[in-house]
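As C-alpha cells, the structure follows; a few thoughts come after it.
The values are calculated or read from the model by the stated rules, or taken from the named source; none is laboratory data. For clarity, every value in this text was computed on a predicted model and none was experimentally measured. Please note: Cβ atoms are built from the backbone with ideal geometry, for glycine as well, and neighbour counts cover all protein chains shown. Remember, those area values only see protein heavy atoms, side chains included, never the ligands or the DNA or RNA. Shrake-Rupley method; radii C 1.70, N 1.55, O 1.52, S 1.80 Å.
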Amino acid sequence: QVQLVESGGGLVQAGGSLRLSCAASGRTFSMYVMAWFRQAPGKEREFVAAISWTGTTYYADSVKGRFTISRDNAANTIYLQMNNLNSDYTAVYYCAADMRPGLITRGLPEYWGRGTQVTVAS
C-alpha cells in the first residue's frame with residue numbers, strides 16, 4: 001500500500017513559479033514509477049510528467065522546457081518544478097505511483113494522491 005500526499009500548490013501570478021511536492025509512504029518507494037497528472041476545470045485528467053526508479057524522465061509536450069520532475073528516494077518524495085506559468089496551467093495536480101510504467105502512460109496508476117490546487121492569475 002502506498003499513500004501519496006501532495007503539497008505546494010497555491011495562487012501564483014502569471015510568469016511565476018511553483019514547486020509541488022509529493023510525499024509517499026512505504027518502504028519500496030524507489031521501485032515505483034512516479035508521476036504527476038493534472039485536471040483543469042471542465043477537462044479530463046491528463047498526464048504531465050513521470051520519473052522512473054532510475055531517474056529517467058518523461059514529459060507531456062505541453063510542459064517540456066517549463067516543468068521539471070525529480071525524485072529523492074531517501075526522502076520518499078518527488079517534486080514538480082513549474083516555471084513561467086500561465087493561466088493554462090490552472091488545475092488540480094495529482095501525484096500518482098505504480099510499479100508498472102504502462103499503467104502510468106495509460107493514465108491508470110494504482111495509487112493516487114488527493115491533489116493540490118494550482119491557480120495562475122493572469
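Here are the numbers:
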read-out	value
L103 being open to solvent by 60 Å² or more (accessible area, probe 1.4 Å) and not charged (D, E, K, R)	no
Residue, least open to solvent (accessible area, probe 1.4 Å), within the stretch 80-100, restricted to residues that are part of a loop (DSSP other than H, G, I, E, B) and either closer than 18 Å to C22 by Cα or of a type in the set (S, T, Y) (or both)	T90
Residue count for the stretch 101-122, restricted to those that are β-branched (V, I, T) and either at pLDDT below 95 or not in a strand (DSSP E or B) (or both)	2
Complete set of residues in the stretch 15-48 that are surrounded by 14 or more Cβ atoms within 10 Å (Cβ to Cβ), modelled with pLDDT of 95 or more and outside any strand (DSSP E or B)	G16, A40, R45
Selection from the stretch 34-62 of residues that are within 18 Å of G10 (Cβ to Cβ) and either of a type in the set (S, T, Y) or out of contact with any helix residue (DSSP H, G or I) (no Cβ under 7 Å at 6 or more places or on another chain) (or both)	W36, R38, Q39, A40, P41
Number of the condition not met by E110 [criteria: (1) of a type outside the set (G, A, S); (2) buried (at least 16 other Cβ atoms within 10 Å of the Cβ); (3) touching an Asp or Glu at 6+ places or on another chain (Cβ under 6 Å)]	(2)
Filter result (outside any helix (DSSP H, G or I) and in contact (Cβ under 8 Å) with a residue 12 or more places away in the chain) within the stretch 61-79	R66, F67, T68, I69, S70, R71, N76, T77, I78, Y79
Subset of the stretch 1-14 (residues that are assigned to a loop (DSSP other than H, G, I, E, B) and either open to solvent by less than 30 Å² (accessible area, probe 1.4 Å) or out of contact with any strand residue (DSSP E or B) (no Cβ under 9 Å at 6 or more places or on another chain) (or both))	V2
Condition met for R45 (charged (D, E, K, R) and closer than 19 Å to Q1 by Cα)	no
Flag if T54 is in a loop (DSSP other than H, G, I, E, B), polar (S, T, N, Q) and open to solvent by 30 Å² or more (accessible area, probe 1.4 Å)	yes
Odd one out for A74 among (1) open to solvent by 70 Å² or more (accessible area, probe 1.4 Å); (2) among the hydrophobic types (A, V, I, L, M, F, W, C); (3) modelled with pLDDT of 95 or more	(3)
